[in-house]
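Below is one structure; the comments refer to it alone.
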Amino acid sequence: MAPLNDEQLHQIRDERREQIKAAAFQVFARKGIISAKMSMIAETAGISNGLLYHYFKSKDELFTSLVQEAMVESEATMRSVYAMPGTPIEKIRTLTEGMLDESGAPYFMLIHQARTSDGVPEKVKQLLEQYSMDTYMDMLLPLFQEGQRAGEIAADDPRELIACYLSVLSGIMVINSNGNDDYRHPKADMLMRLIANPETINK
């Protein structure tokens, strides 16, 4: 059997790293950083502890790497709303549907864990300051203001509307990530009623 070349080895390392990160997302989202253990992540990934430590030297390093990735991904998701087709509220509905998709839930759950858990690394605290709730509100503010001018979005304080919208979305995603079947997953149109101009809802 021929030895693997550099490109093949690089591909294997990348795939292994993604496998570890996917497992770590699950464990951290479910357990938080304090209760999570590297052995749990290794077991979830189906690898040995030694191989896990070959890729990440510590739990803090792995957690920080994932939070940074989640933050960057969440920012990109928010900013992508301006390239979406449709009116302001149609863009927000599309964004909402994407954020409620199960594939994105671990990202937002991890961010929630980072914001609410004790014992997070100092680098994560710095990331949370960089990607604060105000940061996301600033990203969405022009779109909400445009929607208000178009008569689609309620004529309230736009920052209060965005704060309400993001808080409800975060709560839903936390419940989804916990795998709790007692709660019914709301449709995006139901959430739009939180921010829509009441006069336009039934039109």
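The values are calculated or read from the model by the stated rules, or taken from the named source; none is laboratory data. Keep in mind it's a predicted model, so treat the numbers as computed, not measured. Using ideal geometry, Cβ is built from the backbone for each residue, glycine included, and neighbour counts are taken over all protein chains shown. All accessible areas refer to the heavy atoms of the entire protein, side chains included, with ligands and DNA or RNA removed. Shrake-Rupley method; radii C 1.70, N 1.55, O 1.52, S 1.80 Å.
With everything on Cα atoms, drop me the angle between helix 105-116 and the longest principal axis of the chain, reported from 0 to 90° to the nearest 10. Compared with the principal axis, the helix lies near 90 degrees. Legend: distances between Cα atoms for 31/125; 21/123; 37/187; 31/91; 37/125; 31/123; pairs beyond 27 Å are 37/187; 31/91. For the Cα trace of the chain, dividing Rg by the Kirkwood Rh returns an Rg/Rh value of 1.06.
Whole Å is fine, so just give me how far the alpha carbon centre of region 153-174 lies from that of region 121-148. Rounded to whole Å, the Cα centres lie 13 Å apart. What's the angle, to the nearest 10 degrees (0 to 90), between helix 6-35's Cα axis and the longest principal axis of the chain? With both axes taken from Cα atoms, the answer is about 60 degrees.
In this structure residue 146 has an accessible area near 80 Å², from a 1.4 Å probe over the protein heavy atoms.
Using a 1.4 Å probe over the heavy atoms of the protein chains, calculate the carbon and sulfur portion of the accessible area of the chain as a whole percent. Looking at the chain in its full context, I get 49 percent from C and S. Please report, in debye to the nearest 20, how large the charge dipole of region 1-146 is about its Cα centre when each Lys and Arg carries +1 at its beta carbon and each Asp and Glu carries -1 there. The calculation lands at about 480 debye.
With θ taken as phi - 60° and the Karplus curve 6.51 cos²θ - 1.76 cosθ + 1.60 applied, the whole-hertz 3J(HN,Hα) list for region 188-197 is 4, 4, 5, 5, 4, 5, 5, 10, 6, 5 Hz, x standing for glycine and proline.
For residue 196, nonlocal amide neighbours, meaning residues 5 or more places apart or on other chains whose placed amide H falls under 5 Å from its own, are 154. The helix-only estimate of mean residue ellipticity at 222 nm for the chain, built from DSSP H runs of length n ≥ 4 each weighted as -39500 (n - 2.57), is -23000 deg cm²/dmol after division by the residue total.
Phi-derived couplings, Karplus 6.51 cos²θ - 1.76 cosθ + 1.60 at θ = phi - 60°, listed residue by residue for region 48-53: 7, 4, x, 5, 4, 5 Hz, with x used for Gly and Pro. Hey, what angle do you get for helix 158-177 against the long axis of the chain, alpha-carbon based, 0 to 90 degrees rounded to 10? Taking Cα atoms only, the helix is inclined about 40 degrees. Couplings for region 129-138, taken from phi via the Karplus curve 6.51 cos²θ - 1.76 cosθ + 1.60 with θ = phi - 60°, read 5, 5, 10, 6, 4, 4, 4, 5, 5, 5 Hz in order; Gly and Pro are left as x.
Positive-end ranking of 44, 107, 151 along the dipole of the chain, with charges on Cβ about the Cα centre, is headed by 44.
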